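Structure first, commentary second.
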Protein chains: 2
Amino acid sequence: MTPPKTSSVEHFISLLARLSRLVNHDGHASGLKPAQWDALRFLARANRFSRTPGGLTAYLGATKGTTSQTLMSLEKKGLVEKNPDPLDRRSVALKLTAAGEELAQSDALSSFGSLFEALSPPERQSLEVAMEQLLRAKLQQQGNRPFGICNSCRHFRKNSPDGKLSAGQPHFCSLLKEPLSDHDSHKICIEQEAA
Amino acid sequence: MTPPKTSSVEHFISLLARLSRLVNHDGHASGLKPAQWDALRFLARANRFSRTPGGLTAYLGATKGTTSQTLMSLEKKGLVEKNPDPLDRRSVALKLTAAGEELAQSDALSSFGSLFEALSPPERQSLEVAMEQLLRAKLQQQGNRPFGICNSCRHFRKNSPDGKLSAGQPHFCSLLKEPLSDHDSHKICIEQEAA
DNA sequence: TTATTGAGTATCGAGTCGATACTATTTGAT
DNA sequence: ATCAAATAGTATCGACTCGATACTCAATAA
């Protein structure tokens, strides 16, 4: 006797699909495409270990080829810079240009931000929690990396003596054996695993 | 002193963008594209007044040209049928074929349905409510029609004597002056306005 | 009867996206 | 030290999306 529940699931899927369509639609603003916005957003929030075509590919869940094209168009628009990685010459270090940083500030989805702020605080809270759970579950289901924040990682060592070697880099990543600035520790990392 | 709130909005936008991307990604299943799934989903749930290229265009928020192409590919795949409207020969009546109905049952987003069901009932409830509010607000902001359910419309007349003229069509739409079956009254309508 | 409006289609260009094939570099196993 | 994987990216193909513009008919209004 579950018809009402089933109908709720269908309703949820319908809502999710329509919301996604609207999000996608807004992504066609300011001369960029949704995938380009996603890339820009990632590059603005990812730490130095993750800002590579490969990192972006994993984040987007796309193929290398698609990501490569997206990056090419962002580079052509002068929003992204590519630099060779001196340690691994196969790899490319990505960086937003000043124009890229600026555009990332004026996110195409900011109208959703306003609507979110119009919700009551408890609604905001529970919506965020539920969306987080959904996202996590989906990523885990597909075997994708969570791309969480550096300082919530099990490899994060807060104020580690190893980090103090370089001034301004008080923390440390025990996986990559690299010192971390406070700034870095608030960013998205491809290697992040929940503590 | 609002930095924590601002960060929450950014976090919400990030969640929304990532979730949308995953939804979009799943839309590339079973040989269909996201826009084609959206169209299929709409045609499976829309009432007879709304199942036209124009109705679909308004629902998708796309341009007529894009919708036309999407419909052409669905027709080529044998999922949609086009029939001339005898009353208005400019117009086209859309109908899912048996194959289309069947495919619509196995929705590409059903994996999200399972994840939704894994949430606790209160979480499900509040998530659905919040998403509904967000969707409504966004559609209103853009001046889009809500595409709500027929029987929640201010033009819906339950068990109207006008409806009883035809057997099996007990209800009535006071806007279009048309009798409505119970089945119709549970479907999406392009003309729907909140009661 | 003739504008004008409306429903759809056709076509263009930039982009997406999965798939496949390719180059160059690094690494690992002898 | 060498040579076969494995890895990071790029190049290209085909089907599709999507906004924009131009177009064809049919319906309606003046």
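Taking the condition of being crowded, with 22+ Cβ neighbours inside 10 Å and not aliphatic (A, V, I, L, M), how many residues in segment A:39-51 meet it? Number of matching residues: 4. If you go through segment B:57-80 and keep only what is near DNA strand C (Cβ under 8 Å from one of its atoms) and under 28 Å from B:Ser185 (Cβ atoms), you end up with B:Thr57, B:Thr67, B:Leu71. Pairing residues of segment B:11-38 that are farther than 18 Å from A:Ala62 by Cα with residues that are acidic (Asp, Glu) and more than 9 Å from DNA strand C (Cβ to nearest atom), at Cβ distances under 7 Å and at least 6 apart in sequence or on separate chains, gives B:His11/A:Glu128; B:Phe12/A:Glu128; B:Ile13/A:Asp107. On inspection, B:Gln105 qualifies as modelled with pLDDT under 95 and under 16 Å from the mean Cα position of the chain (by Cα). In this structure, is A:Ser68 more than 25 Å from A:Cys153 (Cβ to Cβ) and more than 10 Å from DNA strand D (Cβ to nearest atom)? Taking the combined requirement at face value, the residue does not satisfy it.
When A:Leu115, A:Leu94, A:Leu135 are screened for being at pLDDT 95 or above, under 20 Å from A:Gly31 (Cβ atoms) and in contact with a helix residue (DSSP H, G or I) (Cβ under 9 Å, 6 or more places away or on another chain), only A:Leu94 passes. Within the bounds of segment B:26-38, is there any residue that is more than 8 Å from chain A (Cβ to nearest Cβ), of a type in the set (A, V, I, L, M) and surrounded by 18 or more Cβ atoms within 10 Å (Cβ to Cβ)? Yes; the residues of segment B:26-38 include at least one that is more than 8 Å from chain A (Cβ to nearest Cβ), of a type in the set (A, V, I, L, M) and surrounded by 18 or more Cβ atoms within 10 Å (Cβ to Cβ). Can you find a residue in segment B:72-93 that is facing chain A (nearest Cβ under 10 Å) and not in a helix (DSSP H, G or I)? No; the residues of segment B:72-93 include none that is facing chain A (nearest Cβ under 10 Å) and not in a helix (DSSP H, G or I). In the list B:Arg41, B:Arg45, B:Arg21, which residue meets the criterion of being more than 9 Å from DNA strand D (Cβ to nearest atom), modelled with pLDDT of 95 or more, more than 27 Å from B:Glu191 (Cα to Cα) and not aromatic (Phe, Trp, Tyr)? After applying the criteria, what remains is B:Arg21. Residues that are among the small types (Gly, Ala, Ser), crowded, with 17+ Cβ neighbours inside 10 Å and more than 10 Å from chain B (Cβ to nearest Cβ) within segment A:94-146 comprise A:Gly100, A:Ala104, listed in sequence order.
Quick check on B:Glu178: is it under 15 Å from the mean Cα position of the chain (by Cα) and away from every other protein chain (no Cβ under 14 Å)? No, not satisfied.
The values are calculated or read from the model by the stated rules, or taken from the named source; none is laboratory data. Remember, it's a predicted structure, so these values are computed and weren't measured experimentally. No Cβ is skipped: glycine too gets one built from the backbone with ideal geometry, and neighbour counts run over all protein chains shown.
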